[in-house]
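Structure first, then comments.
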Amino acid sequence: MPFAIRLARPEDAPLLPDVERSAAHAFVSQKGLAFIASSPPLSVEQHLTFILQQREWLAVDTQDRPLGFLCGQDCGAYWHIVELSVQQSAQGQGLGRRLISEAAVWAREQGFAGLSLTTFASVPWNAPFYVRLGFKQLDPPQLDEFLQRQLAAEAADGLPDRCAMRLDFKVMD
Ligand SMILES: CC(C)(COP(=O)(O)OP(=O)(O)OC[C@H]1O[C@@H](n2cnc3c(N)ncnc32)[C@H](O)[C@@H]1OP(=O)(O)O)[C@@H](O)C(=O)NCCC(=O)NCCS
């Protein structure tokens, strides 16, 4: 599937909740996680906040329509990926990998030490996918305050089996 990567623009925001809803269908087949498929996506307002800060990238089709997005926030030494979603019909074709690579190039240029995220430890397209991209799962003593709070909030929201991961740019050199 031909696609391009670009920064998201404000007019893209209303289209992005449907991309996330479509992406989340992947969880229907995951034992104990089917509820993720019907969880509310990031709102248009949340997307607009990332977009206005230039912290959201899209994979778009040949008509410039969003197929996937990656958004995140500056969190101290690491740049934190808040959400990565690729719509169901476009999954498994390299868009997620390219979105992460784009964010990594940008974050490195900005002087961040690496990328961080939280994800499901056992879902095949979550932690195992990120491990193949060079991310490492963090043990509790390695968690900074932000990641500790993030995992605690996700546990309080009823999300099971979550882990925090980091990609360190210096290890990649
Ligand atoms: C995770 C996600 C963003 C990856 O995007 P993508 O465009 O499908 O990713 P890519 O095609 O670049 O690579 C997908 C990798 O995951 C694997 N993968 C994708 N779908 C898979 C599936 N259903 N089962 C097992 N592995 C799968 C592919 O084998 C590939 O790994 P490889 O390149 O090492 O072989 C996308 O699958 C998605 O939106 N999933 C639902 C939402 C989600 O889980 N978001 C991440 C939250 S942390």
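Can you give me the pair-distance distribution of the chain, C-alpha pairs, 10 Å bins, whole percents?
10, 39, 40, 11, 0
Using the Karplus curve 6.51 cos²θ - 1.76 cosθ + 1.60 with θ = phi - 60°, what ³J(HN,Hα) values do you get for each residue of segment 83-92, in whole Hz, with x for Gly and Pro?
Ordered by residue, 3J(HN,Hα) equals 8, 10, 9, 10, 4, 3, 5, 10, 6, x Hz.
Taking 25 Å as R0, compute the FRET efficiency from the Cβ-Cβ separation of Trp106 and Gln142 and round it to 0.05.
Details: r = 24 Å, r/R0 = 0.97.
The value I calculate is 0.55.
For the chain, what are the DSSP H helices with axial Cα length of 15 Å or more and mean Kyte-Doolittle hydropathy of at least -0.5?
Helices passing the filter in the chain: 95-109, 145-156.
Only counting other Cβ atoms within 10 Å, I'd like Cys163, Cys71 sorted with the fewest neighbours first.
The order, fewest Cβ neighbours first, is Cys163, Cys71.
Please work out the Cα center distance from segment 15-86 to segment 99-172, rounded to the nearest Å.
Taking the Cα centre of segment 99-172 as reference, the centre of segment 15-86 is 15 Å away.
Each value in this text was obtained by applying a stated rule to the coordinates, not by laboratory testing. The structure presented is a predicted model; accordingly, all values stated were derived computationally and were not measured. Don't worry about glycine lacking a Cβ; one is built from the backbone with ideal geometry, like all the others, and counts go over all protein chains shown.
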